[in-house]
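J.: The structure that follows is given in the form of structure tokens.
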Amino acid sequence: MKAIKLAANDNVATLLGDIEKHQVVEIITADNEVIAEINALQKITFGNKIALCDIAKSERIYKAGHSIGKSITEIPLGQLVHVQNVRSERLDIPEAIIEEIIKQMGIEQ
């Protein structure tokens, strides 16, 4: 399975299909060049983000060259990057909604 890194400064890549826990993910550029292989730490569904490196707490998350939020906890290489470990800088999502998203997606914590 592949995930695409859209910009050089991105610290996440977007999954191009569903992956299972411990599956190896090829990280590709927009030119379809394989630049890395990462072991997924958990199941991640299509369109979601995987950490390309260890991300420290309070670090900005970059996708397509733009900050999309800040980590609220340390995020290890290969982990799903989503509402369980990131908060948007643009949208304040209520905690009850975040908990429901985590439940509906079956996100391991």
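J.: I'd like the full set of residues that are touching a strand residue (DSSP E or B) at 6+ places or on another chain (Cβ under 9 Å), part of a loop (DSSP other than H, G, I, E, B) and open to solvent by less than 70 Å² (accessible area, probe 1.4 Å), limited to the stretch 74-98.
T.: Correct list: Pro76, Gly78, Gln79, His82, Asn85, Ser88, Ile93.
J.: Examine the stretch 44-56 for a residue that is of a type in the set (S, T, N, Q) and either touching a Ser or Thr at 6+ places or on another chain (Cβ under 8 Å) or part of a loop (DSSP other than H, G, I, E, B) (or both), and state whether such a residue exists.
T.: yes
J.: Of all the residues that make up the stretch 43-73, how many are among the polar types (S, T, N, Q), under 16 Å from Gln23 (Cβ atoms) and open to solvent by 40 Å² or more (accessible area, probe 1.4 Å)?
T.: 1
J.: In addition: Taking the criterion of being crowded, with 18+ Cβ neighbours inside 10 Å, touching a residue at least 60 places away in the same chain (Cβ under 8 Å), under 15 Å from His82 (Cα atoms) and hydrophobic (A, V, I, L, M, F, W, C), would at least one residue in the stretch 11-30 satisfy it?
T.: So far as the stretch 11-30 goes, yes, one or more of its residues are crowded, with 18+ Cβ neighbours inside 10 Å, touching a residue at least 60 places away in the same chain (Cβ under 8 Å), under 15 Å from His82 (Cα atoms) and hydrophobic (A, V, I, L, M, F, W, C).
The values are calculated or read from the model by the stated rules, or taken from the named source; none is laboratory data. It should be emphasised that the depicted structure is a prediction, and the values quoted were computed from it without experimental measurement. Note: ideal-geometry Cβ built from the backbone for every residue, glycine included; neighbour counts use all protein chains shown. Side chains are part of the model used for accessible areas, which takes the heavy atoms of the whole protein and leaves out ligands, DNA and RNA. Shrake-Rupley method; radii C 1.70, N 1.55, O 1.52, S 1.80 Å.
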